[in-house]
Amino acid sequence: MTLSVLDLFTIGIGPSSSHTVGPMRAAHLFAVELRDGGQLGRVGRLRVELFGSLGATGIGHGSDRAILLGLEGAEPQHVEPSWIAARTAQIRREGVLRLADRHDVAFDENADLILKPREVLPGHPNGMRFTAYDLDGAPVLSRVRYSVGGGFVVDERDVDADRLTTNAPPPHHFATGSALLDHCRTQEVSVAELVALNEDAMRTRAETTTALLLIWQAMQDCVSAGCAGEGVLPGSLMVARRAPRLYQDLMETYRSSTPGADTLSAMDWLGLHAIAVNEENAAGGRVVTAPTNGAAGIIPAVLHHYWQYVPDADEHGVVRFLLAAAAIGIIIKENASISGAEVGCQGEVGSACAMAAAGLCEVLGGTPEQVENAAEIGLEHNLGLTCDPIGGLVQIPCIERNAVGAVKAVTAARLAMRGDGSHRVSLDQAVTTLRTTGADMSEKYKETSTGGLAVNVTEC
């Protein structure tokens with residue numbers, strides 16, 4: 001059993017896959033379980049507890065809003081971002097939420113949504129407990145769920161199974177870089193084609209292609225929205241959006257300059273596209289989790305780089321890019337983590353950088369060995385990266401970090417293309433290092449906003 005490319009790339013909302021998307025899905029699952037079990041009518045009160053990293057930075061990440069709307073039946077892939085604030089305000093004003101969109105329940109957020117940042121449940125730093133009571137105060141249903149990164153949610157009974165989400169093993173299962181390369185050599189196919197063969201066991205090739213092109217369209221829409229969005233991002237930091245001005249400046253330079261005069265303009269566009277996505281994410285807009293929201297700008301930025309600067313770029317290449325990128329994401333998630341709360345930002349920006357490097361190397365014509373090398377370079381040079389968002393917001397240093405990560409990904413792909421695929425440090429060794437470094441990292445650097453920039457930069 002293994003992950004699918006469509007598990008790693010999903011359409012959702014900002015600002016966080018682990019703290020917004022995951023909690024909304026967990027709350028939705030709890031409401032559906034009550035509904036399907038015929039227990040909605042018995043519920044007179046709800047209590048939700050957020051532990052560890054969710055308790056520490058959940059409010060800044062919108063976990064509170066996500067849980068309220070998830071309990072009402074909202075899902076991140078369908079909910080309209082512009083509706084969230086108004087509906088949340090109404091629930092708070094009236095003190096009533098409509099459980100599973102069917103049954104009204106009184107909800108006092110101060111008493112019924114409890115933050116426990118100093119208490120960590122055993123399965124993962126992002127733990128949630130949902131409890132429904134009847135009118136007499138007797139428990140109706142209680143569930144503990146974990147948001148394990150990338151929007152993935154697991155029940156406490158299945159906490160060790162978050163890396164195994166499909167029902168049948170694919171024909172060419174791989175959980176390591178070495179196994180991936182072995183299969184590519186045996187089948188005499190590229191990394192993208194090997195992943196496509198595995199996806200064929202889950203759905204038709206045409207269905208996979210259609211789904212991935214919808215992902216690509218959502219990425220383009222997010223970039224466009226980010227380049228057009230004006231004003232200040234929500235939260236206490238009062239960060240002004242930069243993407244619109246950057247876009248206008250680059251367009252003016254493009255129109256007035258001699259073609260080829262600025263040899264580094266591609267890097268400027270790369271940074272713009274990453275920043276546009278992550279500003280849109282920070283604003284709670286529609287984004288593609290790739291593989292997380294905190295690192296959502298890297299893969300779209302590098303894909304746009306491919307689209308703009310690689311001759312003969314086409315939609316077939318976009319699909320190949322995403323398939324190859326997914327191969328690396330699968331390996332990292334199955335052997336380490338993509339959760340900032342679990343291993344720091346090396347698991348978010350590091351994994352996205354490795355995935356983007358592999359995808360670009362694939363569409364540049366790289367061999368499987370070169371693709372694996374590109375991914376290793378992208379990951380290796382993000383090892384030890386901490387997750388220390390100022391004010392608990394996915395803004396500083398997260399937005400710029402995506403721009404830098406995109407540049408690293410392009411550099412990694414180009415370095416790999418100049419080599420023959422042989423290298424001293426393997427992808428598997430880098431992934432193992434990611435896991436062990438994350439285990440050694442202090443909790444204050446794992447999305448708790450209790451260390452690093454989060455405490456050394458004063459909020460204004």
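The values are calculated or read from the model by the stated rules, or taken from the named source; none is laboratory data. Just so it is clear, the model here is predicted, and its values are computed rather than measured. Using ideal geometry, Cβ is built from the backbone for each residue, glycine included, and neighbour counts are taken over all protein chains shown. Only protein heavy atoms, including side chains, enter the accessible area calculation; ligands, DNA and RNA are left aside. Shrake-Rupley method; radii C 1.70, N 1.55, O 1.52, S 1.80 Å.
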_the range 359-397, residues that are in contact with an Asp or Glu (Cβ under 6 Å, 6 or more places away or on another chain) and among the β-branched types (Val, Ile, Thr)_ = Val371
*How about the range 238-293: which of its residues are in a loop (DSSP other than H, G, I, E, B) and loosely packed, with under 13 Cβ neighbours inside 10 Å?*
Met238, Ser257, Thr258, Pro259, Gly260, Ala261, Thr263, Leu264
*Quick one: which of Ala192, Ala206 is modelled with pLDDT of 95 or more, within 24 Å of Asn373 (Cα to Cα) and either assigned to a helix (DSSP H, G or I) or open to solvent by less than 40 Å² (accessible area, probe 1.4 Å) (or both)?*
Ala192
*For the range 322-343, enumerate the residues that are part of a loop (DSSP other than H, G, I, E, B) and under 14 Å from the mean Cα position of the chain (by Cα).*
Ser337, Ile338, Ser339
_When the residues of the range 146-175 are narrowed to those that are open to solvent by less than 20 Å² (accessible area, probe 1.4 Å) and among the charged types (D, E, K, R), which ends up modelled with the lowest pLDDT?_
Asp162
*Quick one: which helices (runs of 4 or more DSSP H) lie wholly within the range 1-74 and hold at least 3 residues that are over 17 Å from Val96 (Cα atoms)?*
5-8, 22-36, 52-57
*Flag for Glu49 being under 30 Å from Glu334 (Cβ atoms), open to solvent by 30 Å² or more (accessible area, probe 1.4 Å) and not hydroxyl-bearing (Ser, Thr, Tyr)*: no
*Mind listing whichever residues of the range 419-441 are of a type outside the set (A, V, I, L, M) and open to solvent by 50 Å² or more (accessible area, probe 1.4 Å)?*
Asp420, Ser422, His423, Arg424, Gln429, Thr432, Thr433, Arg435, Thr436, Asp440
*If you go through the range 99-114 one residue at a time, how many are open to solvent by 70 Å² or more (accessible area, probe 1.4 Å) and under 21 Å from Val21 (Cβ atoms)?*
1
*Which one is nearest to the chain's Cα centre (by Cα), of the residues in the range 60-98 that are open to solvent by 40 Å² or more (accessible area, probe 1.4 Å) and of a type in the set (Asp, Glu)?*
Glu75
*In this structure, does Val43 turn out to be open to solvent by less than 10 Å² (accessible area, probe 1.4 Å) and under 11 Å from Leu71 (Cβ atoms)?*
yes
*From Leu181, Leu212, Leu197, grab the single residue that is within 24 Å of the chain's Cα centre (by Cα) and assigned to a helix (DSSP H, G or I).*
Leu212
